[in-house]
Amino acid sequence: MLCFVGDALRFERIGFVTRLDNILYDWRLAMTMPRARDNRIVILDIDEKSLGEIGHWPWSRNVMAELLDKLFDRQEVQLVAFDVVWAERDPSSGIDVLDRLGQGELKDNAQFQSSYAALRPNLDFDGRFAAAMKGRPVVLGYYFNSEDRAVRVNALPKPVLPKGAFKGTNAEFHEWKGYTGNLPAYVQSAAAVGHINPFLDTDGVLRRVPLLVEFEGDYYEAMSLAAFRTVTAKTLGGMQPVQPGFKERSLESLRVGPFEIPVDDNGAALIPYRNGKPSFQYVPVVDVLKDRIAGGALKNKIVLVGATASALEDLRSTPVSNVLPGVEVHANMIAGMLDQDFKRRPWFTYGAEAILLLVGGVALAVLIPLLTAFWATIAVLAGAAAIIALNVAMWQLNDFVMPLAASLLMVLALYTMNMAYGYFVESRSKRLIAQRFREYVPPEVVAKMERDPARYDMPRTADLSILFCDVRGFTGISEALSPEALREYINDYLTEMSIIIRSGHKGTLDKYIGDAIMAFWGAPMMDPQHARNAVLAALDMQKACGALNERFKARGWPTLTIGVGINSGTVRVGDMGSQLRRAYTAMGDAVNVASRLEGRTKHYGVGILVGEGTRKQIEDVAFREVDRVKVKGKDEAITVYEPLGISAALDSAVQEELRIWNQALRAYRARNWDLAEVNLINLQQVAPGCILYRVYAGQVQRARSTPMTADWEPVTVFDEK
């Protein structure tokens, strides 16, 4: 951004920015320039047709004198300007030979001297051409050069402004070292003389004409300005001194009477090109000389004499055409002066551009990182559209040429850098997410997380369901198997359980703790059904033990029995740990309770115990209420349940057993020991191997033998984990 600001303030120009600005200038000009032909100006064309009929260039000055006579006397034109430099004498009449004879061997020949004295004025083509100019509005052209060995040929016109005219301003005129002017007689006879030097930009395109140039401290005008002053001299007078602008330092315009011509600090004006096709009437010179143009057809026209013949090499590269005749550049300048139609670059455009770059750059630099890629793109497009709209409005309404390239490039650069940075950072975040979670959660969950990795980086508070699973009697199993067999045994068990948790029910596999498993649901991806999915996973894990045991039995391995504890609640989940090692895990009271419930499954002889926080979130699963317990570390009792399966899938026998159990539990809590005992006896007959029924039958027997106090509560307290 600072580079563009430096370019805007002209501290250090950036080449490609300048080139792009030129291209954008050409585009705006092509879109808005006038399309109609200007009939006030006629270009008298030295074309191939004229060269073919009159002869090779340069033509005799006698022919040019005849041309002026026909233009002013027969056609009654308003002004004639030559885009030609008459730097050499015309000896084509033989006058030099006759002069040598008259001064040599025929010096004393009275008859020769008398006849030659009468004939010589007709043979002096230079004199005749000068005489044809005298007293007529004829403007000549000449050019300056800046080569190291620049010559100074013929005569310069008087400067239009003297030394020191621009003292105290910011004007930076190009200083020339030499010139090629017209013959002195022509300069003295012409109404005005102006330079025809172009002002090419770095890309070789002609967009400006230096209306003033400096030579040895004096200031000389362009031919187009000289022609304009000559045409308007009757009402406007001569050229007026420059009127400095802001704080007496900024050169903004040249004033000719009431007319104002905007210029830059080089004294150059932007050329007000027309549509690039012949914008002016072209007339071959030979048609005027041979009276093929009706008399008065060019009356009151401004006539510019110039060449379009390719052999004369006066073709220019311009914003509207790659091969525009140079004479048409002068025609456009004169038309612009007459219409007062010029684009301008005021002094404040540079400061305005710098402010726009700073304000817009800071705004976008702050805004883009806060937006998604889609909205960042929308913001950038809107910003670019606003910049272009403002620029076009200034162009159309105020004729201001505001720089455009730096602003658009800055917007594009900020967008590209932010998108590239975001892409690489996001890619890195996605890779980290994938690396971190591919072992915890299913691949499809990882794919979803990769779309918005920022949501999963930091620890957060969330409502989860946590599962702990442990192998019963693992010590005995490890003693019964060899180390290699034990490794295979555990690997098969952990693999089967992990597949159920991850792939079967979209859980997050937290860790293995020896033969134990910790998993949770609800993170990193939110899961409104986390409690249900955890319970269904536990039920499938118990079913999977049956299939595993068939395989283990075939290999002579011990039977596998697991206990599962599940609890739901608010915990802290995220990437946590030390500076040496971190892991994605969950911490909190609900986690501790889940671990304690897993430990209590053995006491009750059930495969799964679920906390009441989990039970309340599930409607379509049948549960058997097991007990109200106080686990270690908890002062409040919680109700624990055993899930039996999907309610709609329970057979009638299980439903009847559950009904009798609920009666027994209600009787037990009401201290109706007889009814409780009867129901428990019936249940033991239905399921003689159920440890839960034996536990409660024992508690009823103890209650009969031990009188209960008035404050007795049917709550089991566990002091061990």
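Each reported figure results from applying straightforward, stated rules to the coordinates on display, with no laboratory input. The shown structure was predicted, so the numbers you read here are calculated from the model rather than taken from an experiment. Here the Cβ positions follow ideal geometry from the backbone for every residue, glycine too, while neighbour counts run over all protein chains shown.
Quick check on the exposure proxy: order T230, T202, T377 from fewest to most C-beta atoms within 10 angstrom.
T202, T377, T230
Each residue of region 134-149 in order: what ³J(HN,Hα) in whole Hz does its phi give by Karplus 6.51 cos²θ - 1.76 cosθ + 1.60, θ = phi - 60°, with x for Gly and Pro?
4, x, 10, x, 10, 10, 10, x, 8, 9, 9, 9, 10, 5, 4, 9
Based only on other Cβ atoms within 10 Å, what is the fewest-to-most ordering of E656, E488?
Sorted ascending by nearby Cβ count, the order is E656, E488.
With each label point set 7 Å from Cα along the Cα-Cβ vector, what nm distance links R572 and R669?
3.5 nm
What's the magnitude of the charge dipole for region 438-650 around its Cα centre, counting Lys and Arg as +1 and Asp and Glu as -1 at the beta-carbon? Answer in Debye, nearest 20.
180 debye
Apply the a/c threshold of 1.5 to the C-alpha gyration tensor of region 609-718 and tell me whether it is rounded, prolate or oblate.
oblate
Taking amide H positions as placed 1.01 Å from N in the peptide plane, with prolines and chain starts having none, which residues 5 or more places from W176, or on another chain, fall under 5 Å of its amide H?
E214, E216
Which whole-Hz ³J(HN,Hα) couplings does region 504-509 yield from phi under the Karplus relation 6.51 cos²θ - 1.76 cosθ + 1.60, θ = phi - 60°, glycine and proline marked x?
Values per residue, Gly and Pro as x: x, 9, 6, x, 9, 7 Hz.
Which of the three applies to region 153-219, rounded, prolate or oblate, going by the alpha-carbon gyration tensor with a ≥ b ≥ c and a/c under 1.5 meaning rounded?
Oblate shape, in that a/c is at least 1.5 and b/c is the bigger or equal ratio.
How big is Rg to Rh over region 271-321, alpha-carbon atoms, Rh as the Kirkwood inverse-mean-distance radius? List each step's numbers first, then the result.
Working: Rg = 13.4 Å, Rh = 13.2 Å.
Rounded to two decimals, Rg/Rh equals 1.01.
log₁₀ I(q)/I(0) of region 438-650 at q = 0.13 Å⁻¹, via Debye over equal Cα point scatterers, no solvent, to two decimals?
Scattering profile of region 438-650, log10 relative to I(0): -0.74.
Taking 18 Å as the cut-off for C-alpha to C-alpha distance, list the pairs among K602/K630; K602/K634; K543/K616 that go past it.
Table pairs above 18 Å Cα-Cα are K602/K634; K543/K616.
Label-point separation (nm) for A363 and N275, each offset 7 Å from Cα along Cα-to-Cβ?
Between A363 and N275, the label points sit 3.8 nm apart.
Residues with amide H under 5 Å of L315's amide H, sequence separation 5 or more or different chain, H placed in the peptide plane at 1.01 Å from N; which?
Under 5 Å from the amide H of L315 lie the amide H atoms of G326, each far enough along the sequence or on another chain.
Kindly write out, for region 212-229 in residue order, the coupling ³J(HN,Hα) from the Karplus curve 6.51 cos²θ - 1.76 cosθ + 1.60 (θ = phi - 60°), rounded to whole Hz, with x marking Gly and Pro.
Values, residue by residue: 10, 10, 10, 9, 6, x, 8, 10, 10, 8, 6, 4, 4, 5, 5, 5, 4, 5 Hz.
How long, wide and thick is region 558-661, going by the Cα atoms along their three principal axes, in whole angstroms, largest first?
Largest first, region 558-661 extends 56, 38, 26 Å along its Cα principal axes.
Under 5 Å between amide H atoms, partner at least 5 residues away or on a different chain: which partners does N170 have, H built in plane at 1.01 Å?
S250, L251
May I ask you to compute the full-extension gain from I513 to E105, defined as 0.36 nm times their residue separation minus their alpha-carbon distance, rounded to one decimal in nm?
Contour length minus the Cα-Cα distance gives 133.7 nm.
So if each residue of separation counts as 0.36 nm, and I subtract the Cα-Cα distance between W27 and Q529, what length gain in nm does that give?
Full extension of this stretch gives 174.6 nm more.
Going by C-beta contacts inside 10 Å, put S146, S50 in order with the fewest on the left. Kindly include the intermediate steps, with their values, before the conclusion.
Working: S146 11, S50 24.
By the 10 Å Cβ count, ascending: S146, S50.
Could you list, in their original order, any pairs among K70/K301; K70/K134; K49/K134; K49/K343; K158/K343 whose Cα atoms are separated by more than 25 Å? Intermediate values should be presented prior to the final figure.
Numbers: K70/K301 13 Å; K70/K134 15 Å; K49/K134 29 Å; K49/K343 37 Å; K158/K343 29 Å.
Among K70/K301; K70/K134; K49/K134; K49/K343; K158/K343, the Cα-Cα distance tops 25 Å for K49/K134; K49/K343; K158/K343.
Can you work out the base-10 log of I(q)/I(0) for region 654-708 at q = 0.12, 0.20, 0.27 1/Å, using the Debye formula on its C-alpha atoms alone?
At q = 0.12, 0.20, 0.27 Å⁻¹ the computed log10 ratios are -0.23, -0.63, -1.07.
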